[in-house]
Amino acid sequence: VAALEAAALAVPGVSFATVDESTVAPEEGGYVSVYVGDPDARANSALTANVETEIDLVRAAGVEVRVSASEREEFAMAATLYVRTGSDLVSIQAAAVAAIGAYSDSLPPNKTFYLSAAAAAAHGVSADVLGCEVTSPTADQVPTLSYNALRVPSTSLTLTITEV
């Protein structure tokens, strides 16, 4: 698994690679799936072809490996930031949006978006942030398809700031 992932990530333009062994069922002619994506969590046929070439150098003999392009799966998120009264609200909001975006953008295909991690990212932007509560969605997000990479676009992120 590590060799397949490393080979995929060695291809210029690949930012994400996820190896999925759940499709390995020898009695059904199983295979190993590798999902790859660029910095925007997408890929094209040229990128996947380059990854296939690289993976052929490291895959085990007789093991079929299928490379597929990842796709963005976007969702909306809302959160409330609790900050000290008198804080620089504009800077804190911008930093929190960037931090949540960075967490979202770091997720490779087929990985769960943990609300607690997003809240922690926003909470960590300033000592003036006393807490962060994600209000929507109400549960961790799991990609609907194994090749999807979850993203929260900044246009779909609502941050309410409450001074305390």
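The values are calculated or read from the model by the stated rules, or taken from the named source; none is laboratory data. All values reported here derive from a predicted model rather than from experimental measurement. Cβ atoms come from the backbone with ideal geometry, glycine included; neighbour counts cover every protein chain shown. Note: areas computed on protein heavy atoms with side chains; ligands, DNA, RNA excluded. Shrake-Rupley method; radii C 1.70, N 1.55, O 1.52, S 1.80 Å.
Restricting region 1-100 to GluC sites (Glu not before Pro) that sit in a DSSP loop and have at most 13 other Cβ atoms within 10 Å of their own Cβ leaves 21, 64. Based on the Cβ-Cβ distance from residue 146 to residue 31, what FRET efficiency comes out when R0 is 22 Å, to the nearest 0.05? Calculated transfer efficiency: 0.95. If R0 is taken as 35 Å, the Cβ-Cβ distance between residue 44 and residue 114 corresponds to a FRET efficiency of 0.75. With both residues required to sit in region 46-164, DSSP beta bridges show an antiparallel share near 40%.
Dimensions of the chain from C-alpha coordinates, computed as largest minus smallest value along each principal axis and given longest first, are 64, 31, 23 Å.
Think of the chain as a dipole: +1 on every Lys or Arg Cβ, -1 on every Asp or Glu Cβ, centred on the Cα centre; then among 36, 112, 19, 112 lies furthest on the positive end.
Report, to the nearest 10°, how far helix 89-105 tilts away from the longest principal axis of the Cα atoms in the chain, using its own Cα long axis and a range of 0 to 90°. The angle comes out at about 10 degrees. Using the alpha-carbon atoms, what tilt in degrees (0 to 90, nearest 10) does helix 45-55 show relative to the longest principal axis of the chain? The answer is roughly 60 degrees.
Counting Lys and Arg as +1 and Asp and Glu as -1, each charge on the Cβ, what is the dipole of the chain about the Cα centre in debye, to the nearest 20? Let's see the in-between values first.
Values: 7 positive and 20 negative charges, 68 e Å.
For the chain, the charge dipole is close to 320 debye.
Charging the Cβ of each Asp and Glu at -1 and of each Lys and Arg at +1, and nothing else, the dipole of region 61-107 about its Cα centre rounds to 180 debye.
Accessible area per residue for region 62-164 in Å², computed with a 1.4 Å probe and the full protein assembly in place, what is it?
Values: 4940 Å² over 103 residues.
Averaged over the residues of region 62-164, the accessible area is 48 Å².
If you average the sequence gap of Cα pairs under 8 Å that are 6 or more apart and divide by the length of the chain, what percent do you get for the contact order? Walk me through the intermediate numbers first.
Details: 339 pairs, mean separation 42.7, N = 164.
Worked out over the chain, it gives 26 percent.
Residue 47 exposes around 20 Å² of accessible area when a 1.4 Å probe is run over every protein chain in place.
With a simple spin-label model that places each label point 7 Å from the Cα along the Cα-to-Cβ direction, the separation between residue 130 and residue 163 comes to 1.3 nm.
Subtract the Cα-Cα distance of residue 106 and residue 3 from 0.36 nm times their separation in residues, and report this length gain in nm to one decimal. Before the final figure, lay out each step's value.
On the way: separation 103, 0.36 × 103 = 37.08 nm, distance 2.04 nm.
Gain in length upon complete extension: 35.0 nm.
Computed across region 51-102, the Kirkwood hydrodynamic radius from all distinct Cα-Cα pairs reaches 15.8 Å.
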